[in-house]
Amino acid sequence: MVARPRALYEIITPGRNWVDNDIGWIMFRRFPLWTALAAVVFVAACDTAEERAEGHFESGQALYDAGDVTRAIIELRNVFKLDSGHRDARLLMAKIEEERGNLPGAYAHMSALTENEPENFDAHRAAGRIAADIADWKSAERHAEAARALLADDQDDAIVSAIELGIAYQEARLSQDPETAQQLADQTALLLAANPDVQIARRVMIEHYLFRQDWEAALSALDAGLAQAPDERILYRLRLAVLEQLGRLDEIEKQLRDMVARFADDESLRELLVRWYINQNRIADAEQYLRAQIDPSESDPEAQMILVGFISQVRGNASALEEIEAILAETPQESAARDLYRAARAGLIFDGGERDAAIAEMQDIVATATASDQTRRIKIILARMLVETGNPVGARALVEEVLVEDETNVDGLKLRAGWLIEDDQPDEALIELRRALDQAPRDADVLTLMAQAQERSGSRELMGEMLALAVESSGQGKAESLRYAAFLSQDDRLLPAERVLVDALRARPNDLDLLRALGSVYIALEDFSRAQGVVDAFGRIDDPQALALSDALTAQILSAQDRNVELQSFLERMAVSQEGSDQAIAAAIRLRLAQGDSEGALEYLEERLAENPDNPNLRLLSVGLFSREGRQEEALTTLEALVEEFPQNEQLRVALYNLHRRNGDSEAARAVLATALGAMPDASNLLWAQATELEQSGDIDGAIAVYERLYAENSSAPIVANNLASLIATYREDDESLQRAFTIARRLRGTDVPQFQDTYGWIAARLGNVEEALIYLEPAAAALDTDPAVQFHLARAYDMAGRTADALAAFQTVQALLQDTTRPYPFRDRVTAEIARLEAAVPAAEN
């Protein structure tokens, strides 16, 4: 099977990857000025914000009732601009979002309603139910507690009880308490028997059966759930996974085809069917199915394009070119579809490496084509090619042409929004993306871009909502699932992360990336039996990479359980038995060092070097050990030889620079860095070292310039963003620079990384948000207690807050730290002056 680069897959089949009123004229008349003024006053008096909001709501309700959901949403958004607490608008928006499958969005509206109406039982119950549906158990618990408190002592509610049981069940799972989990499942089963329409209880039972691998019980529960909710897509996907576990392949194929027919608007299901055929090694059946979707009497070329994309991905460029040439041979010269087929051919040529020829062909098509949706699609394809070949200006010009012709073009809006995000304009990007989402509410790429924009603007909660919706809209797509699972794991929401990955694996059970991520989640959960299950799954896959991943996960399991003797033996067996065993050798050495056996680590490495003396990875390992043991000359000689042998290896250049730095030879380190930058002027790690050198020497403008260059190359890197914003906020005093720093750093809002907390907190303090600033600066200063700059920021914030005694103590801490360094911090003199001022003020403050 041929691996496909992303470019062609985007060009031919965007978003698909098989393998993995009339115009009214206003007539102006002349009125006396007093008449016009009176009219304005009268309108302003009568048309209050509440009345305008109610008008928008009534319009939205009418549009929704008429089936025009897109325009109804626009009207409802206008309601919230005027009256954010409008109950009926919140309820209708929650209903719309739930019907569209946007459960995070539905929850956001119900949660907002509970904030406006904290005594609203129905709102808390609905918010808790939706939160449970998206596995946000912390939010579900908060709303369930509020709903329970609003019930009379002699009242009960099945939905609230089901939420409470679900929360307790998740806690039992997380604490690995199978007996309690079973007791809670039994209670849930009783509740479900009495209330068969309570889907939360049913989902808890399904999860319990899946966890116990009781496939027959799970199938029965799923069938019962579908009888109650026949359009619940997630139940169908779970049923597919259970059928696979039971080996009922005929039933899987039948259900997939039934799902395609039932949910005809969901293209991901057709893709799922094709991927299933491929996983069953039924390539011919997949191709036959796609060919059957082509209707010769239809002028729409989409089915043909999907087929070409499929062939490209499973059989390669040559076969896809043959197919497109055959299609072109059968397509009349006057057919409008010829341009799209030519563009597809150019895309294949582009991916084959003939980029100039492909771009020339695309430009010829665009030059002669008339304006149409198809031509705009081709222009978008060409714009993507230009981006890949380093011509962003040409790409942006093409996208603007498209959007001038059609301001709702989804692909054009996505590209423009992506550039706005890169340019740190997330609010403007969100405007473009909302317009795109109105046209394509299930576009996973739009939702992913919205998540990125929310991240840039510092709205992490909204980011998570968009990531969750992207997973659902993509049909548990691989990239979307990995992205959301990583987000959940960062927030220590490991059970929801497990659920996301397991759902994605049901469509692609042998995907190595998904399995690796799932294994990491189980390690974090300390669920070693399930982690071993992932090891076993790797073992069933005939792929050398699967074996390497299996061994790596096994090592993590042993390490996490402190089974160091077994781990040492396992790593040494790996080092002997596998190709590419350098990682195993390195791990074995790290384990010996962790146990305090430096001599044993060096002896073990020397044995391996004797077996393979020219291995550069082992020689680099020896550099670290030699340096650790005080054998600096040997370390330096070995590393210099490696740099001479591999002059374009950035890692080696950085290692040599760092070795000189650790040895205290700053002059030699700077010389190595200058030489390295001369040979590799665009190497990011070398530029990073250069920025650090400039900062430490007091050349702040130079350091900022280097970070600006790194930021321009990759503005999504949080560490680069942090360092750039920190330097600007710390060393520049003008308002323009402060706003620039805030624009870069607002993505850090909510962070628990000390360095990021310091940056965001200090910027917040300078902007006058002192109470918010202290929330970040105090933990940052506690964690980075030897950094004078961090302590200085806290001292300044205390002073701004009027906490004179705390400010004095903090400035004294800064002064003590500055005595131990010669680094040219620009606030040295100010610290002394501030201490003198505050010492005079503290007694007065205490009186």
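The values are calculated or read from the model by the stated rules, or taken from the named source; none is laboratory data. What you are looking at is a predicted structure, and each value in this text was computed from that prediction instead of being measured. Cβ placement follows ideal geometry from the backbone for every residue including glycine, while neighbour counts extend to all protein chains displayed. Note: accessible area is taken over every heavy atom of the protein model, side chains too, but ligands, DNA and RNA are not part of it. Shrake-Rupley method; radii C 1.70, N 1.55, O 1.52, S 1.80 Å.
For region 548-616, the alpha-carbon coordinates run over 34, 27, 16 Å along the three principal axes, in decreasing order. The eigenvalues of the Cα gyration tensor, multiplied by 5 and square-rooted, give region 48-137 an equivalent ellipsoid with semi-axes of 22, 16, 9 Å from largest to smallest. Which is farthest toward the positive dipole end of region 482-532 among Leu488, Ala531, Leu512, measuring Cα position about the Cα centre, with Cβ charges +1 (Lys, Arg) and -1 (Asp, Glu)? Projecting each Cα onto the dipole axis, the largest value belongs to Leu512. Extension gain, Ala217 to Ala836: 0.36 nm times the residue separation minus the Cα-Cα distance gives 215.3 nm.
Just grab the label-to-label distance for Val753 and Gln293, each label 7 Å out from Cα along the Cβ direction, in nm (one decimal). Those two pseudo-labels are separated by 4.0 nm. Placing unit charges on the Cβ atoms only, positive for Lys and Arg and negative for Asp and Glu, gives the chain a dipole magnitude near 540 debye about its Cα centre. Per residue, the accessible area of region 248-358 comes to 48 Å² when a 1.4 Å probe rolls over the protein heavy atoms. Size descriptors for region 441-581, from the alpha-carbon set: Rg then Dmax equal 17.1, 54 Å. Put a dot 7 Å past the Cα of Asp364, heading toward its Cβ, do the same for Ala397, and the two dots end up 2.1 nm apart. Globularity index of region 685-756 is 1.04 (Cα radius of gyration / 2.2 N^0.38 Å, N = number of residues). Taking square-rooted eigenvalues a ≥ b ≥ c of the alpha carbon gyration tensor, is region 610-761 rounded, prolate or oblate, where a/c under 1.5 means rounded and, failing that, a/b exceeding b/c means prolate? Judged from the Cα gyration tensor, region 610-761 comes out prolate (a/c at least 1.5, a/b above b/c).
Give the Rg/Rh ratio for region 312-366, taking Rg as the radius of gyration of the Cα atoms and Rh as the Kirkwood radius, to two decimals. Intermediate values should be presented prior to the final figure.
Working: Rg = 11.1 Å, Rh = 11.4 Å.
Ratio of gyration radius to Kirkwood radius for region 312-366: 0.98.
Taken over region 762-847, the convex hull of the Cα atoms encloses 88 Å³ per residue.
Per-residue accessible area (protein heavy atoms, 1.4 Å probe) orders Lys138, Lys254, Lys95 as Lys138, Lys254, Lys95, starting from the largest. Based on Cα atoms of region 180-227, Rg over Rh with Rh as the Kirkwood radius reads 0.93.
Normalised by residue number, the volume inside the convex hull of the Cα atoms of the chain is 254 Å³ per residue. Each of Ala193, Ile73, Ala601 was scored by the projection of its Cα onto the charge dipole of the chain, and the greatest displacement toward the positive side belongs to Ile73; charges sit on the C-beta of Lys, Arg, Asp and Glu. Name the residue farthest towards the positive end of the dipole of the chain from the options Thr48, Val831, Ala146, assuming +1 on Cβ of Lys and Arg, -1 on Cβ of Asp and Glu, about the Cα centre. Highest projection toward the positive end goes to Thr48. Put a plus charge on the Cβ of each Lys and Arg, a minus charge on the Cβ of each Asp and Glu, and nothing anywhere else: the dipole of region 447-495 about its Cα centre is then about 140 debye.
More than 21 Å apart: what percent of Cα pairs in region 250-357 qualify? Percentage above 21 Å: 42. Here region 691-847 has an Rg and Dmax of 15.5, 56 Å, counting Cα atoms alone. If the Kirkwood radius is taken over C-alpha pairs of region 505-606, then at 4 °C and 1.567 mPa s the Stokes-Einstein diffusion coefficient equals 91 µm²/s. Considering all alpha-carbon pairs of region 242-298, what whole percent are spaced by more than 20 angstrom? The proportion of pairs with Cα distances above 20 Å equals 25 percent. Spacing of the modelled spin labels on Ala149 and Ser716, each 7 Å from Cα toward Cβ, amounts to 4.2 nm. Largest first and in whole Å, the equivalent-ellipsoid semi-axes of region 214-280 read 19, 16, 8, each the square root of five times a Cα gyration tensor eigenvalue.
For region 620-695, the pair-distance distribution built from all alpha carbon pairs, in bins 10 Å wide starting at 0, is 20, 54, 25, 1 percent. With the convex hull constructed from alpha-carbon coordinates only, region 129-275 shows a mean projected area of 9.9 nm² over all directions. Using Cβ point charges alone (K and R +1, D and E -1), the dipole size of region 242-328 about the Cα centre works out to roughly 360 debye.
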